[in-house]
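The values are calculated or read from the model by the stated rules, or taken from the named source; none is laboratory data. Being a predicted model, the structure only gives us computed values, none of them experimental. FYI the Cβ positions are ideal-geometry reconstructions off the backbone, even for glycines, and counts take in every protein chain you see.
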Amino acid sequence: MMARFMCMVGVMIVVAATLTVNFAAAQTVHVVGDSLGWTVPPNGAAAYTSWASNKQFMVGDILVFNFATNEHDVVELSKESFDACNYSNPIGSIITTGPANITLNATGNHYYICTIGRHCTSGQKLAITVSANPGSNPPSASPASPRRTTIATPLRLLLLMIALPLHHRVS
């Protein structure tokens, strides 16, 4: 009985590790501006526009804004506020401690600026489009497409493995 219990514990550890690896692989960490970091760019907003143009941003990805505390900050804004460099109505709080990590939790367009001095009007602003993570899309209606396994499948398996030994002990 003890050997069976230990085997079940081992299987649960493997399942948990697999789930952790799957989630870790599903997100990408994007260092905003790469080696430039989050600063007033020498060539204006084109630096961040160019940087974002060859990236694919997905829900669950993380933006890392590398900046020195008290030199820069970052805040998300609406499109209108972004265009005007007006941070009087931010989406969330202004992050003043660098580096700042922002997890992308929603699809759509997202706009970020630095609120210090004239940094935004000098080009320290970033606009990105976030797409749904391909793993979170519902399966296609096409019969030729392979069946997708969701997080629910391994969790059901884990619960079943826990419930079976308990059921046999009670019986």
Any hit, the range 1-17, residues being in a helix (DSSP H, G or I), modelled with pLDDT of 95 or more and either in contact with a Leu (Cβ under 9 Å, 6 or more places away or on another chain) or surrounded by 11 or more Cβ atoms within 10 Å (Cβ to Cβ) (or both): no
Scope the range 49-76; condition under 19 Å from the mean Cα position of the chain (by Cα), under 17 Å from V130 (Cα atoms) and outside any loop (DSSP other than H, G, I, E, B); matching residues: W51, A52, S53, F57, M58, I62, L63, V64, F65, V75, E76
N66 - would you say it is at pLDDT 95 or above and in contact with a strand residue (DSSP E or B) (Cβ under 8 Å, 6 or more places away or on another chain)? yes
For the range 27-43, what are the residues that are closer than 14 Å to F67 by Cα and among the β-branched types (V, I, T)? V31, V32, T39, V40
Residues to consider are R148, R156, R118; find the one that is surrounded by 10 or more Cβ atoms within 10 Å (Cβ to Cβ), at pLDDT 50 or above, more than 30 Å from V74 (Cα to Cα) and of a type in the set (K, R). R156
So if I check each of N137, N133, N86, which one is under 28 Å from S53 (Cα atoms), surrounded by 12 or more Cβ atoms within 10 Å (Cβ to Cβ) and modelled with pLDDT under 95? N133
